[in-house]
Amino acid sequence: MCLLILFIFGRGDCVCMRFENEFQPRVIRDLEMIFPDVDNRLILKNDSGYIQGIPDLLILYKDRWAMLECKRSIFEPYQPNQEYYLEMADRMSFGAMICPENRREILDELQRTLAPRRKTRIPKSV
């Protein structure tokens, strides 16, 4: 089996991944750090045997949610229905494919998307 070596530009990290299941735990740890409030966060691994193509992870944070499909490389092809479910999740809330090459960008976008909304400020009458 060929060992895939990827360089994350900008940080100088070298990420060596043979299988998606080596990358997925790293993504889960990153999510736990980004959303540390365990009373308002759930990160669930989905069963692709139940719904073919369903993204790997469901993230529930307060009143928002997202789905992520973990890939070991940006070049790894989608399985049947994966693009469909990612597009559906993105229309409804947030859905994206995450891999070592785009990990930082996707996590930043996810954090902005699931961040609490500011309450509207109503000016006081003078």
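Below is a table of values for the structure above.
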read-out: Residue check, Glu32 charged (D, E, K, R) and without any contact (Cβ under 8 Å) to a residue 12 or more places away in the chain; value: yes
read-out: Among the candidates Ile51, Ile74, residue that is β-branched (Val, Ile, Thr), free of Cβ contacts under 8 Å to residues at least 60 places away in the same chain, out of contact with any Leu (no Cβ under 9 Å at 6 or more places or on another chain) and assigned to a loop (DSSP other than H, G, I, E, B); value: Ile51
read-out: Segment 95-123 residues that are within 15 Å of Trp65 (Cβ to Cβ) and at pLDDT below 95, paired with ones that are of a type in the set (Lys, Arg) and in a loop (DSSP other than H, G, I, E, B) (beta carbon under 7 Å, 6 or more apart); value: Pro116/Lys62
read-out: Exclusive hit being touching a Leu at 6+ places or on another chain (Cβ under 6 Å) and of a type in the set (D, E, K, R), set Arg64, Arg104, Arg112; value: Arg64
read-out: Members of segment 60-71 that are over 19 Å from Glu22 (Cα atoms) and either in contact (Cβ under 8 Å) with a residue 12 or more places away in the chain or surrounded by 15 or more Cβ atoms within 10 Å (Cβ to Cβ) (or both); value: Leu60, Tyr61, Lys62, Arg64, Trp65, Ala66
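The values are calculated or read from the model by the stated rules, or taken from the named source; none is laboratory data. On a predicted model such as this, the values are computed, not experimentally measured, just so you know. Here the Cβ is made from the backbone with ideal geometry for all residues, glycine too, and neighbour counts use every protein chain on show.
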